[in-house]
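What follows is calculated from the coordinates using simple rules that are stated; it is not laboratory data. Model, not experiment: these values are computed from the prediction. Glycine gets a Cβ as well: all are built from the backbone with ideal geometry, and neighbour counts include every protein chain shown.
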Amino acid sequence: MKRIVLFASGSGSNVENIVKYFTGHSDITISCVLTNKRDAYVIDRCNKLGVPAFYFNKAGFTNSPLVLELLKCIKPDLIVLAGFLLKIPSELVEAFPRKIINIHPALLPKYGGKGMYGRHVHTAVKARGESETGITIHYVNEHYDKGAIIRQFKVGISEEETVDQITTKVQFLEQIHFPQVIEDLLLGR
């Protein structure tokens, strides 16, 4: 059985989608969800879904081996960042090479880097008058949004569309493609 550990910082809509996708899967299971925000709505979602969720503070993540030791005990086959906003410490990247992936709400290398997440990305895409946007699923390295790209999915947008409409289109791509890419990686497809 392949094990996934999910990291999230916010509401957890991607976490919920991934958990539901793999519920009852014969080859893949969600071991737990880790969050750096004590009041993140992802914890409520996990409680409703029956998935263990654990909180850690920033110091426990960056200045302590606690999270690394927990992950070593779980031995995940894949660590999935699903709306997780902290930079992954180099110790984690080194301990789990090519086993940490992230989803970014734009077509990297455009609109990546520190501070470029969620609505910030969609606002920048709109301001630049882009004709398309999308999602990028990539491996995590020691730099924000610089890891090797696994897959990208695009959607056309028009000048008249609002930031909210762009957000909805991108979230739709996330819901459809993210779990499938995770499954493909874990099953070697």
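Overview of results
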item	result
Order of GLU16, GLU91, GLU132 - criterion: other Cβ atoms within 10 Å of each residue's Cβ, fewest first	GLU132, GLU91, GLU16
Summed side-chain charge close to GLU159 - residues other than GLU159 whose Cβ falls under 13 Å, Lys, Arg +1, Asp, Glu -1	-2
Calculated from backbone phi, Karplus (6.51, -1.76, 1.60) coupling profile of the stretch 12-25 in Hz, x at Gly/Pro	x, 5, 5, 4, 4, 4, 5, 4, 4, 4, 9, 4, x, 5
Exceeding the 22 Å Cα-Cα cut-off - candidates LYS20/LYS58; LYS114/LYS146; LYS48/LYS72; LYS2/LYS37	LYS20/LYS58; LYS48/LYS72; LYS2/LYS37
Selected from ASN14, ASN57, ASN102 as most flexible by GNM, with the chain as the system and alpha-carbon contacts under 10 Å	ASN57
Least to most buried among CYS46, CYS73 (fewest other Cβ within 10 Å first)	CYS73, CYS46
Neighbour-count order for ARG38, ARG3, fewest beta carbons within 10 angstrom listed first	ARG38, ARG3
The chain: antiparallel DSSP beta bridges as a percent of all, rounded to 5	40
Relative contact order [Cα under 8 Å, 6+ residues apart], the chain, whole percent	19
